1. Which residue is farthest from the chain's Cα centre (by Cα), if the candidates are limited to the stretch 7-36 and must be loosely packed, with under 11 Cβ neighbours inside 10 Å and closer than 21 Å to residue 80 by Cβ?
2. Do you know which residues across the stretch 30-54 are over 18 Å from residue 6 (Cβ atoms) and out of contact with any strand residue (DSSP E or B) (no Cβ under 9 Å at 6 or more places or on another chain)?
3. When you go through 65, 75, 58, 91 one by one, which is the residue that is within 24 Å of the chain's Cα centre (by Cα) and in a helix (DSSP H, G or I)?
């Protein structure tokens, strides 16, 4: 029985209680203590086995071996999950930091690269075809322009396209 408990005892204290249930039955509790205060409570789940003394002598060792194996697998799984979550959190923090630095670099470089672009969009429009005066010209211009607006040039249609 104690050989089976040795792997569990390597990292923690184990409390074993034995109680008499009735004249022919005993109850054995194997309770692993928490190794650290922040340890997952699943690692301190007790094992309780109830039966006659002869059965306990014959079977308790097998049950303890299975319990210890399950306990170790649970501890390994929890440690792997914790390491995976910590690695994912670190990767997410690094990615966020990298993106923040890229945004910072982009905002520093953007005024020098985008300065010429607005100047080209604010260039004056090309003159209207045929030298026509835009219709937004003021009408009361003291005889400098004729009072009527010129007619638009007629368009000829050839093959569906206006020329």
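Each reported figure results from applying straightforward, stated rules to the coordinates on display, with no laboratory input. Keep in mind the model is a prediction, meaning the values are calculated, not measured. Every residue, glycine among them, receives a Cβ derived from its backbone with ideal geometry; neighbour counts consider all protein chains shown.
1. 10
2. 34, 36, 37, 38, 39, 40, 41, 42, 54
3. 91 is the lone residue from the list that is within 24 Å of the chain's Cα centre (by Cα) and in a helix (DSSP H, G or I).
Let's see how each residue does on (1) under 30 Å from residue 25 (Cα atoms); (2) in contact with a helix residue (DSSP H, G or I) (Cβ under 7 Å, 6 or more places away or on another chain); (3) in contact (Cβ under 8 Å) with a residue 24 or more places away in the chain:
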residue: 54; (1), (2), (3): yes, no, no
residue: 58; (1), (2), (3): yes, no, no
residue: 64; (1), (2), (3): yes, yes, yes
residue: 71; (1), (2), (3): yes, yes, yes
residue: 74; (1), (2), (3): no, yes, yes
residue: 79; (1), (2), (3): no, no, no
residue: 86; (1), (2), (3): no, no, no
